[in-house]
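Notes follow once the structure below has been shown.
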Amino acid sequence: MKLTQFLLPIVLIICWQTASLLQIVPTYKFPSPLQIIYGFKDLIVIGMPPGHHLQYHILYSLYRVFWGYITAIILAIPLGILLGWSNRLRLLLQPILELIRPIPPLAWIPIAILWFGIGIKSAAFIIFLGAFFPILLNTISGVLSIEHILIEAARTLHASTKDIFFKILIPGSIPSILTGMRIGVGIGWMTLVAAEFTGVKQGYGLGYMIMTARDIHRPDEILAGMFLIGLIGFLIDIGLRLVERKLVQWK
Amino acid sequence: MNDLSLALEFSGLNKQFISGDSGQKIPVIESIDYQLKWGTFLSIIGPSGCGKTTLLRIVAGLDQATKGQILINGQKIKNCDQRVGLIFQEYALFPWRTAIKNIEFGLETQKIAGNKRKKAAMEYIHAFGLQGFEKKYPKELSGGMKQRVAIARTLITNPDIVLMDEPFASLDSQTRNSLQEFLFSIWHQRKDTIIFVTHNVDEAVFLSDQVLVLSPRPAKIMKIYEVDIPRPRDRTSPEINTIRKEILENLSKN
Amino acid sequence: MKNIYIFLLMLTAVLLCSCSQAAASQGPTIRMAYLQNDIHHLPLWVALEKGYFQKLEVDIQIEGVFKAGPEIMSAFAARALDMAYVGESPATTAVANGAAKVLAVSQVNTEGSAIVVKKDSQLSTLSELKGKTIAVPGHSTVQDFLLRKGLSQKEIPLKDLNIIVLKPPEMITALDHNQIDAFIAWEPYPSQSQTLGIGRNLATSRELWPNHPCCVIVASKKYTKNHQDKVKAVVQANIQAINFIEQNPEKAAQIALQYTGMRIETITRAMQNVHYTAKLNKQGELEYVQFLTKLGYINLSDPERFVQTFVNSTFLNQCTF
């Protein structure tokens, strides 16, 4: 990342702070950058709601995303490999999957609460739904993108079907799987915040924190929280890109 | 290998494809009878689309014959027959595996232990002049190197019959010539039974004991040439030239 | 490159202009809001049904029926409302944090909430709520305030509770399915949970803070400045409605039925828990301010002055009771 890439954001922030100082923009609607920084400080020191500090909100949110995401990976990758390999299974399951896929994860919230109660299970379920489909679809297309000739070559080299799955399909589709995982974690993270709006048992979570800041009318903390959510999502994405680069040296 | 039995035998081999839309039958191989002795280097030549690749795939067990019988070492051919190795024109190397890991593949599938595998694969690396490149990925190898890896990958499994489908077609003529000589030297040591499909008459005559000329589709055996010239062969020698001319005339007649 | 910067500057200017534009015009209609199924707001419903506003020549437009007080205050912040019936606690929080500029021009009721537990639960005292999960309608709502104030008076540390935010309609279901151990909400939800045989009161708001002020009528400062007569008319209509409720409880209950869709037993029981009055209570407001400051929700430099300006009895004093 070159330094010049930061030029535009810095210019915008300066304009924004100036506009707030000159009262062109009302600060109760649009806190200034300085106010947002103070908001950050309050989130860490006082907490929102008071007593619930930022560090714990972050940890709880990450914890929920982790469980939803891991479940998505464990289910989506094997299923994706299977569906990529078997035309028959894919055609069989495709209508069901294509019907469920367009339903936004957030629309599942009432049902999730009915099935799992209010707590980590329903939040993790919503995140699971958000991450599952990108991972599944990318895995399937990863398998389908493996040249057929490679499978024939493997067969002529004494490969059993088990060998084909583990030595050809999985390594061959890893680039697509990783792309799907990156997209999936992005969607899972975005969905998390909204999922936390609806009822968070332990009283911790970034979405919950923002909701409370809304109730207590601290837009500076709302924006600080939003920025943090974006930052964490960004860092997770970079992390996965690094993993991708390591594992896909051969492409 | 029993020298008295045949490596490969076709009787009345016939192949038809069924066109997906119209259900029309497209004959590709009409009727082939042939007997291949062990240790023979056989080249198959024919015009494009005549069915050479289909023939190879049937021997490799990747496709099935419509009619007729194929025996390998006196036994009927099986699906994806493990006694046959196939080297593709497009190399078909596994891009996510290094050169040495590609070569080890056929041993992995036969559950050979790790250190044994490595040892055997390194021998081939050395024998095929790939030292220093064993940890490289296929994208980092030249065309000639890739093909050598592909050949090593197949030969390390010691198939009864080695099939090669225009393996040097996508290489420049210099690399091609050096790989031909390389292939010859390997074969000379191991005496594999090889069926080598090619477009290139020079190549066929340089390498083979026998050259089988196929007709245009549907394929029939037009003629079988015995190349009795002692090896090592000189590409420019008059004997080679004579056979070359004959084959070329035969091909151009069609 | 230069063109890009010019374009960006223009874009920023456009965005700023649209941000600072005033919201909808302030015409003759009063944009009003109240809380869904909140029996505390019965005077508004009565005034609407009995035509008190029309008789006083004001036109009321219900801009929204909200699920909790903080949402009403957000609407004020967005300049989408002129007046509203809302809890004193969320209104105080919003004004103290600079989000909304409103005045409290009349009281509506005192008391009228309860902490509800499952019918067959073993809990009988507040201290037994330790370690339990209890739902509130939102942070800084009157109920949230009551819960925390009530607990701190009994010296139960707030840390020992799991407080979660649910909208009152969801609370009864959550209690029924054991997702929460208790909830605190405005009437008629506590009464409804009893009628449905799901819950019973652990403590009424009276026990948490006797005679506590609950809902008020707020009006935006700007609207009040420009339409004093209309604000006075609303305050007057409210007084008339409260009188009507006192004198004709059954008829008032029928109106409540219309607006809540709940059963008559629920309404009757709920109304018994609520005390309707228009008299503003500055001392009560000061207690709100002090405790909200203690909770860390607000941070005022001059609480007394805040109460003096926020609680405005001018219009009450001009009305006939």
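The values are calculated or read from the model by the stated rules, or taken from the named source; none is laboratory data. Model, not experiment: these values are computed from the prediction. For neighbour counting, all protein chains shown are included, and Cβ atoms are generated from backbone atoms with ideal geometry for every residue, glycine included.
Of note:
- Residue under evaluation A:T179, criteria (1) within 14 Å of chain B (Cβ to nearest Cβ); (2) in a helix (DSSP H, G or I); (3) surrounded by fewer than 21 Cβ atoms within 10 Å (Cβ to Cβ), criterion not met: (1)
- Applying the condition of being in a strand (DSSP E or B) and under 13 Å from the mean Cα position of the chain (by Cα) to the stretch C:33-71 and asking which residue is surrounded by the fewest Cβ atoms within 10 Å (Cβ to Cβ) yields C:V65.
- For the stretch A:198-219, a tally of residues being of a type in the set (V, I, T) and more than 8 Å from chain C (Cβ to nearest Cβ) returns 2.
- Filter pass, C:A80 being assigned to a loop (DSSP other than H, G, I, E, B), in the same structural domain as C:K221 (by TED's automatic domain parsing), touching a Phe, Trp or Tyr at 6+ places or on another chain (Cβ under 6 Å) and at pLDDT 90 or above: no
- Close contacts from the stretch A:197-216, counting a first residue that is touching a residue at least 40 places away in the same chain (Cβ under 8 Å) and in the same structural domain as A:L228 (by TED's automatic domain parsing) and a second that is among the small types (G, A, S) and in a loop (DSSP other than H, G, I, E, B), with Cβ to Cβ under 7 Å and a gap of 6+ residues or different chains, come to A:K201/A:G119; A:I216/C:S140.
- Residues of the stretch C:99-119 that turn out to be more than 20 Å from C:L316 (Cα to Cα), within 14 Å of chain A (Cβ to nearest Cβ) and surrounded by fewer than 24 Cβ atoms within 10 Å (Cβ to Cβ), as a count: 1
- Taking the criterion of being more than 10 Å from chain A (Cβ to nearest Cβ) and under 13 Å from B:R57 (Cα atoms), the residues of the stretch B:75-108 that qualify are B:I77, B:K78.
- Being without any contact (Cβ under 8 Å) to a residue 12 or more places away in the chain, buried (at least 17 other Cβ atoms within 10 Å of the Cβ) and within 14 Å of chain C (Cβ to nearest Cβ) is a property that A:G47 has.
- Test result for C:A24, more than 20 Å from C:F244 (Cβ to Cβ), at pLDDT below 90, crowded, with 21+ Cβ neighbours inside 10 Å and of a type in the set (G, A, S): no
- Of B:K111, B:K146, B:K139, all but one fail to be outside any loop (DSSP other than H, G, I, E, B), within 14 Å of chain A (Cβ to nearest Cβ) and surrounded by fewer than 20 Cβ atoms within 10 Å (Cβ to Cβ); the exception is B:K139.
- Selection count where residues are within 15 Å of C:A91 (Cα to Cα) and within 12 Å of another protein chain (Cβ to nearest Cβ), scope the stretch C:120-142: 5
- Filtered residue count, the stretch A:163-176, keeping only those that are within 16 Å of B:L107 (Cβ to Cβ) and either more than 11 Å from chain B (Cβ to nearest Cβ) or charged (D, E, K, R) (or both): 2
- One residue from B:I151, B:I195 being within 19 Å of B:T53 (Cα to Cα), within 14 Å of chain A (Cβ to nearest Cβ) and in a helix (DSSP H, G or I): B:I151
- Residue match in the stretch A:131-151 (condition: surrounded by 17 or more Cβ atoms within 10 Å (Cβ to Cβ), within 14 Å of chain B (Cβ to nearest Cβ) and touching a Leu at 6+ places or on another chain (Cβ under 6 Å)): yes
- Of residues in the stretch A:222-236 being surrounded by 15 or more Cβ atoms within 10 Å (Cβ to Cβ) and within 12 Å of the chain's Cα centre (by Cα), the one nearest to A:G207 (Cα to Cα): A:I229
- Look at the stretch C:34-62: where a residue is not assigned by TED's automatic domain parsing to the domain that holds C:E170 and a partner is surrounded by fewer than 21 Cβ atoms within 10 Å (Cβ to Cβ) and among the acidic types (D, E), sitting 6+ places away or on another chain with Cβ atoms under 8 Å, you get C:F53/C:D59.
- Only a single item in (1) within 14 Å of chain A (Cβ to nearest Cβ); (2) surrounded by fewer than 17 Cβ atoms within 10 Å (Cβ to Cβ); (3) in contact with a strand residue (DSSP E or B) (Cβ under 9 Å, 6 or more places away or on another chain) is not met by C:A174, and it is number (2).
- The residues of the stretch C:149-171 that are buried (at least 17 other Cβ atoms within 10 Å of the Cβ), assigned to a helix (DSSP H, G or I) and at pLDDT below 90, listed by number, are C:K149, C:G150, C:L151, C:P168, C:E170.
- Single match in B:T40, B:T98, B:T109, B:T66 (criterion: in contact (Cβ under 8 Å) with a residue 60 or more places away in the chain and either farther than 30 Å from B:F206 by Cα or not hydrophobic (A, V, I, L, M, F, W, C) (or both)): B:T40
- Neighbours by Cβ (under 8 Å, 6+ apart or cross-chain): first from the stretch B:47-60, under 11 Å from B:L163 (Cα atoms); second assigned to a helix (DSSP H, G or I): B:A60/A:T156
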